[in-house]
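**Q** Here you go, one structure.
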Amino acid sequence: MPETTAVSIRQLSKSFADVEVLRDVNLEVAAGDVVTILGASGSGKSTLLRCINWLEQPDRGSIHIAGERIGLDDSGKRMGAKALARVRAKTGMVFQSFNLWPHLNVLHNITEAPIHVMGKPRDEAETHARELLAKVGLSDKAEAYPGTLSGGQKQRVAIARALAMQPEVMLFDEPTSALDPELVGEVLAVIKDLSAEGYTMVIVTHEMSFARAVSNQVVFLDKGLIVERADPESFFDRPSTTRVQRFLENHG
Amino acid sequence: MSNWEILWQARDEFWAGFLSTMQIFGLSITGAFLIGCFMLYLLEGRPSGGKLSLRVFIDGMRMLPFLMLAYLLYYGLPTFGIRLDAWWSGVGALAVYHGCYFAEIFRGSRLVFPQGQIEAAEAHGFTRGKMFLRLILPQIVMQTRPLIGNQLIYALKDTAFLVIITVRELTAAANSLSGTYFIPTEAFLVVIGFYWAVSIAMEIIIKQCGRFGAKRGFDHA
Ligand SMILES: Nc1ncnc2c1ncn2[C@@H]1O[C@H](COP(=O)(O)OP(=O)(O)OP(=O)(O)O)[C@@H](O)[C@H]1O
Ligand SMILES: [Mg+2]
């Protein structure tokens, strides 16, 4: 597998009980790509994203992060906890509900994993964390606790926290869906900056104009199947399936 | 000589008893706290036979009067040829007994711990042990602070039962003085004063600790 493939998903299937939520999904994300995943509620977007870092275990198929298989080893046996954690650390995930650790201040939220998972020296981790805080526009909040931040600020901290792992790919699951409308912009602006800087990202979103502006590949999921994948211009201006046409009509 | 004067002259005995009680209490409550944390860790993850047995053990302990446990350890075990030192068996019994209470307190808080934080930790490459020690446990301890304070007082009071298995602590000192001079009321009033003073001091300290959590949004007092 070439070095430049950040995420490679092959023949991925996943069921909950007897409902098949993902069906033979194939997806290649090259380094530097920004892929947005669109689809109706319940179409399997979150499940797909969560399979990438093995928060959900797929039933079939394989996922490689930067050439390394996650979840199962080459002989198909389950990875040990340590090995799994190490591959997971190659991905950075940003959740809809932020999921910051409330007992740690902003700076320590960001340095926690670099120090205690990656074994970085504290001063190095803190210097990096402050750079990331500057990047997301929160330099003045380093000592603040998550409970005192607005939703938009929390999400920007969560982005900085994920970036601190220097991941091969950033995974975003509806990063603005829990935010008041006036706070959505500040978070999307940060993600746009990241795409301009060449970060590899997979983004689940309901923000159509954002998806159009930020991505170079749009994937549309319907009942667990990828029914359309295209560059954003083709996708939004000349959708080839009626399913996507209908979806776009409903989402302005 | 008035009863109070007699007690004043015996102040060294009270003091020695008090120090002994504090030693027993300090050691056993530290042990209990650690046992509670460790049991909470053992209960992490999917249900299993081992976890079920641990739950049964914890509940069995919680539903047992502490006095019975002390009796069993001190009088029961020798019939099986196991002879324990009274002081250490008292400390051990207190630690295990209150450890089970701590485990149950923590478990209640663990049940409502936000799953999202766990997923965030997993996504950031945390393994179970580190996640527990650095992310889960500190929050659980902050969250349960008032209950921990309550448990400290229970444990302090339970040290008094050790008089029955011949441990020379505060209540034992009062017991022997009241027996010698027949002044039970005054002797026990003094002891009550000691227990109250320590309990109040602990309450104040635990309350002060609340500021630590309040800064982080854990207390809304
Ligand atoms: N842990 C679970 N157990 C059972 N069913 C689940 C679980 N997680 C998801 N599902 C089901 O799988 C399907 C896909 O869910 P998923 O969360 O991936 O959808 P989604 O596309 O992200 O939707 P939304 O836009 O509402 O977030 C849904 O029908 C959902 O009910
Ligand atoms: Mg979703």
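The values are calculated or read from the model by the stated rules, or taken from the named source; none is laboratory data. Quantities reported herein were computed from a predicted structural model and do not represent experimental measurements. Methodologically, a virtual Cβ is constructed for each residue, glycine included, from the backbone with ideal geometry; neighbour enumeration extends over all protein chains shown. Heavy atoms of the whole protein, side chains included, go into the accessibility calculation; ligands, DNA and RNA do not. Shrake-Rupley method; radii C 1.70, N 1.55, O 1.52, S 1.80 Å.
**Q** Restricting the count to DSSP beta bridges whose residues both fall in the protein assembly as shown, what percent are antiparallel, rounded to a multiple of 5? Please list the in-between numbers first.
**A** On the way: 21 of 38 bridges.
Of the beta bridges lying entirely in the protein assembly as shown, close to 55 percent run antiparallel.
**Q** Starting from the 7 Å offset along Cα-to-Cβ, what nm value, one decimal, do you get for the label separation of A:Asn26 and A:Ser41?
**A** With each label placed 7 Å out from Cα toward Cβ, I get 3.3 nm.
**Q** Among the DSSP beta bridges whose two residues both lie in chain A, what percent are antiparallel, rounded to the nearest 5?
**A** Details: 21 of 38 bridges.
The antiparallel proportion sits near 55 percent.
**Q** With every protein chain kept in place and ligands, DNA and RNA left out, what is the accessible area per residue of the stretch A:56-122? Probe 1.4 Å, answer in Å². Kindly include the intermediate steps, with their values, before the conclusion.
**A** Values: 2720 Å² over 67 residues.
Accessible area per residue: 41 Å².
**Q** Another one. Roughly speaking, what is the stretch gain from B:Tyr154 to B:Thr166, that is 0.36 nm per residue apart minus the C-alpha to C-alpha distance, in nm to one decimal?
**A** Numbers: separation 12, 0.36 × 12 = 4.32 nm, distance 2.03 nm.
Length gained between B:Tyr154 and B:Thr166: 2.3 nm.
**Q** Of B:Met202, B:Met39, B:Met131, which has the largest mean-square fluctuation in a 10 Å C-alpha GNM of chain B?
**A** Ranking B:Met202, B:Met39, B:Met131 by mean-square fluctuation puts B:Met131 first.
**Q** While we're looking at this one, here's another question. Say the cut-off is 30 Å between C-alpha atoms; which of A:Lys154/B:Lys51; A:Lys45/B:Lys215; A:Lys45/A:Lys90; B:Lys157/B:Lys215; A:Lys90/A:Lys192; B:Lys130/B:Lys215 go over it?
**A** Working: A:Lys154/B:Lys51 36 Å; A:Lys45/B:Lys215 37 Å; A:Lys45/A:Lys90 20 Å; B:Lys157/B:Lys215 32 Å; A:Lys90/A:Lys192 21 Å; B:Lys130/B:Lys215 24 Å.
Checking Cα-Cα distances, A:Lys154/B:Lys51; A:Lys45/B:Lys215; B:Lys157/B:Lys215 exceed 30 Å.
**Q** Now for a different question. Are there any helices in chain A, counted as whole DSSP H runs, that stretch 30 Å or more along their axis by Cα and score at least 1.0 on average by Kyte-Doolittle, and if so which? Can you show the working numbers first?
**A** Details: long enough: none.
Answer set is empty.
**Q** Can I ask one more? Provide the buried accessible surface between chains A and B in square angstrom, both chains summed, 1.4 Å probe, rounded to the nearest 100. Display every interim value, and only then the final one.
**A** Numbers: alone 11390 and 12640 Å², together 21950 Å².
Accessible area lost upon association: around 2100 Å².
**Q** Next up: Pop the C-beta distance of B:Trp88 and A:Ala81 into the FRET formula with R0 = 45 Å and round what comes out to the nearest 0.05. If you can, show how the numbers build up before the last one.
**A** On the way: r = 37 Å, r/R0 = 0.83.
With a Förster radius of 45 Å, E is 0.75.
**Q** If R0 is 41 Å, what FRET efficiency do you get for A:Asp237 and B:Lys51 from their C-beta distance, rounded to 0.05? Don't jump to the answer; show the numbers that get you there.
**A** Values: r = 57 Å, r/R0 = 1.38.
Here the calculated transfer efficiency is 0.15.
**Q** Can you give the mean number of other chain Cβ atoms that lie within 10 Å of the Cβ atoms in peptide A:102-114? Each step should come with its number before you reach the end.
**A** On the way: counts 9, 16, 5, 2, 0, 0, 0, 1, 0, 0, 7, 8, 2.
The mean count of partner-chain Cβ atoms within 10 Å per residue comes to 4.
**Q** Work out the charge dipole of the stretch B:77-198 with +1 on the Cβ of Lys and Arg and -1 on the Cβ of Asp and Glu about the Cα centre, then indicate which of B:Pro138, B:Ala121, B:Phe194 is farthest towards its positive end.
**A** Positive-end residue among those listed: B:Ala121.
**Q** For chain B, set up a GNM with springs between Cα atoms under 10 Å and report which of B:Phe38, B:Phe80, B:Phe102 has the largest fluctuation.
**A** Evaluated over chain B, the most mobile residue of the options is B:Phe80.
**Q** Okay, next question. Between the helical axis of B:11-42 and the dominant principal axis of chain B, each derived from Cα atoms, what acute angle in degrees is found, rounded to the nearest 10?
**A** 20
**Q** How far, in degrees from 0 to 90, does helix B:170-181 lean away from the longest principal axis of the Cα atoms of chain B, to the nearest 10?
**A** 10
**Q** Right, next: Suppose every K and R has +1 on its Cβ and every D and E has -1 on its Cβ; what is the size of the dipole of the stretch B:3-215 about the Cα centre, in Debye to the nearest 20? Don't skip to the answer; put the middle values down first.
**A** Details: 17 positive and 13 negative charges, 183 e Å.
Charge dipole, the stretch B:3-215, about its Cα centre: 880 debye, nearest 20.
**Q** Right, something else. Mind giving me the nanometre distance, one decimal, between the label points for B:Leu64 and A:Arg212, set 7 Å out from Cα along Cα→Cβ?
**A** Result for the modelled spin labels: 7.1 nm.
**Q** Who wins for biggest fluctuation among B:Gly60, B:Gly45, B:Gly76 in a Gaussian network model of chain B, springs between alpha carbons below 10 Å?
**A** B:Gly45
**Q** Of the trypsin sites (Lys or Arg not before Pro) in the stretch B:1-92, which ones lie in a loop per DSSP and count no more than 15 other C-beta atoms within 10 Å? Don't jump to the answer; show the numbers that get you there.
**A** Working: sites: B:Arg11, B:Lys51, B:Arg55, B:Arg62, B:Arg83; in loops: B:Arg83.
Here the trypsin sites (Lys or Arg not before Pro) that fit, given the DSSP loop and packing criteria, are B:Arg83.
**Q** Ignoring ligands, DNA and RNA, what percent of the 1.4 Å accessible area of the stretch B:3-215 is carbon and sulfur?
**A** Details: 7400 of 10940 Å².
For the stretch B:3-215, the apolar C and S fraction of the accessible surface comes to 68 percent.
**Q** Can you list, largest first and rounded to whole Å, the semi-axes you get for chain B by taking the square root of 5 times each eigenvalue of its Cα gyration tensor?
**A** Values: eigenvalues 298, 104, 26 Å².
That gives 39, 23, 11 Å for the three semi-axes.
**Q** What full-extension length gain, to one decimal in nm, is calculated for B:Ser199 and B:Ser2 as 0.36 nm per residue of separation minus the Cα-Cα distance?
**A** Values: separation 197, 0.36 × 197 = 70.92 nm, distance 2.89 nm.
That pair, B:Ser199 and B:Ser2, stretches by 68.0 nm at full extension.
**Q** Considering only DSSP states other than H, G, I, E and B, which GluC sites (Glu not before Pro) in the stretch A:89-151 qualify as loop sites with at most 15 other Cβ atoms within 10 Å? Walk me through the numbers before you get to the answer.
**A** On the way: sites: A:Glu112, A:Glu124, A:Glu126, A:Glu131, A:Glu143; in loops: A:Glu143.
Qualifying residues, ordered by number: A:Glu143.
**Q** Same structure, new question: Going by alpha carbons, how many degrees (0 to 90, nearest 10) lie between the helix axis of B:184-215 and the longest principal axis of chain B?
**A** Tilt of helix B:184-215: around 20 degrees.
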